[in-house]
């Protein structure tokens, strides 16, 4: 399915999903009253049309589609499997329920626990039923020949066969290939006659960049006929980069990207970064003050260690840490070069003699990293992302592919952090984990990494 068609369909689905979540809250109240269902004894309730129900329902109209989008619900394939539908829907419904519970506590709203539980189940059931019904209706409608888009495939025999295989693999019945046209052997006049005979809606050109002169003739001919032309933009063989179509001040562009692009999930990540960092600074302020006091009274020198680190795309920024080494640590680094235990450009020494006694304690529980919450607030870092390296270390990357770890904001924690970082002694393994994070990034992955970081911190498996 083309992007503009998907966008229209997605917009309709967002409106319907918001309505279904809002209706689910009202239905949950009605079902609870009919079934006399209670959990944990229940609490006092309010009438379904009183203020709290009304504005929570109104909030769901906008929040529910947003959360569904962050979980990839609207970026599924055109004909998704049951798992592709249920799993993101389940995650989104749980997050929305947690949000409602948070709002209840914050504003002291009295909704029964039973209503919240029934709401979660109902919202999942109603949206899933809507999706299944929509798919069944579309399949039934698009099996009719009159509703199908009639396509002429244009290119060499190998190229047209490859494209036909792609269409068949998707089981997308909304398209019907009526002709394969060999651009190398058949004249353009024959194409026009075939377009008329088959009443073609679309000519899909998959002919490579060496035939631009013939492609231009086809486009001009279809332009006069009012027939759409789809040009397959696979001129270049990329291994990692994904392709998107965009425009820049009216100029159409092909965009090749191998890192997460701007999206609602990205906006949600920024909001979580700011809110999470601010909340942690407030909640952990006594810990921050205690750490600062311990560093100050146990060793001479500044409380904070400042160092230039490589941020997104290598842009330098000043990273903050509680000082865990003596003030001459940087000057002594060359003395320990022979003891480096990390293969590659990164410097790592277990039981580093430059570390102060209190610094060793701070590192063990990752307390020395807490000042980086200010870096997150300033937008230079994220809560989750590849750990930022000193600028001089990134300049010594011996493999240019390693620089792709710089394509996203650095973070406080990452896959390397929770995957036994003290046991990883090859920089290539570290990079592999960072690229795995980048290639599979989602908001849900960030949440999982944050939760897995908590036990790592508490059991004291931080840097040695």
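The values are calculated or read from the model by the stated rules, or taken from the named source; none is laboratory data. Keep in mind the model is a prediction, meaning the values are calculated, not measured. Please note: Cβ atoms are built from the backbone with ideal geometry, for glycine as well, and neighbour counts cover all protein chains shown.
Considering each of 9, 5, 30 in turn, give the residue that is at pLDDT below 70 and either on the phi < 0 side of the Ramachandran plot or outside the structural domain of residue 96 (by TED's automatic domain parsing) (or both). Only one candidate qualifies: 5. Is the range 330-343 home to any residue that is in contact with a helix residue (DSSP H, G or I) (Cβ under 8 Å, 6 or more places away or on another chain), at pLDDT below 95 and assigned by TED's automatic domain parsing to the domain that holds residue 399? So far as the range 330-343 goes, yes, one or more of its residues are in contact with a helix residue (DSSP H, G or I) (Cβ under 8 Å, 6 or more places away or on another chain), at pLDDT below 95 and assigned by TED's automatic domain parsing to the domain that holds residue 399. Scanning the range 250-262 for residues that are without any contact (Cβ under 8 Å) to a residue 12 or more places away in the chain and closer than 19 Å to residue 442 by Cα turns up just one, 262. Could we say that residue 454 is at pLDDT below 90, surrounded by fewer than 15 Cβ atoms within 10 Å (Cβ to Cβ) and assigned by TED's automatic domain parsing to the domain that holds residue 278 here? Answer is yes for this residue.
With a requirement of 3 or more residues that are closer than 29 Å to residue 70 by Cβ and at pLDDT 85 or above, the helices (runs of 4 or more DSSP H) lying completely within the range 362-450 that satisfy it span 372-378, 427-439. Whenever a residue of the range 326-342 is free of Cβ contacts under 8 Å to residues at least 40 places away in the same chain, its partners that are surrounded by 13 or more Cβ atoms within 10 Å (Cβ to Cβ), lying with C-beta atoms within less than 6 angstrom and at least six residues away or across chains, give the pairs 326/354; 327/301; 329/354; 332/354; 336/349; 339/349; 340/347. Checking each residue in the range 84-102 for being surrounded by fewer than 19 Cβ atoms within 10 Å (Cβ to Cβ) and under 18 Å from residue 133 (Cβ atoms) picks out 84, 85, 86. Restricting attention to the range 108-120, report how many residues are closer than 26 Å to residue 268 by Cβ and at pLDDT below 75. Residues that pass the stated criteria total 2. Taken over the range 304-338, the criterion of being surrounded by 15 or more Cβ atoms within 10 Å (Cβ to Cβ) and over 36 Å from the mean Cα position of the chain (by Cα) is satisfied by 325, 326, 329, 333.
Table: residues versus (1) outside any helix (DSSP H, G or I); (2) surrounded by fewer than 16 Cβ atoms within 10 Å (Cβ to Cβ); (3) over 20 Å from the mean Cα position of the chain (by Cα); (4) not assigned by TED's automatic domain parsing to the domain that holds residue 166.
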{"position": "60", "(1), (2), (3), (4)": "no, no, yes, yes"}
{"position": "80", "(1), (2), (3), (4)": "yes, yes, no, yes"}
{"position": "106", "(1), (2), (3), (4)": "no, yes, yes, yes"}
{"position": "114", "(1), (2), (3), (4)": "no, no, yes, yes"}
{"position": "119", "(1), (2), (3), (4)": "no, no, yes, yes"}
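Of all residues in the range 278-313, those satisfying the criterion of being in contact with a strand residue (DSSP E or B) (Cβ under 7 Å, 6 or more places away or on another chain) and closer than 25 Å to residue 445 by Cα are 309, 310, 311.
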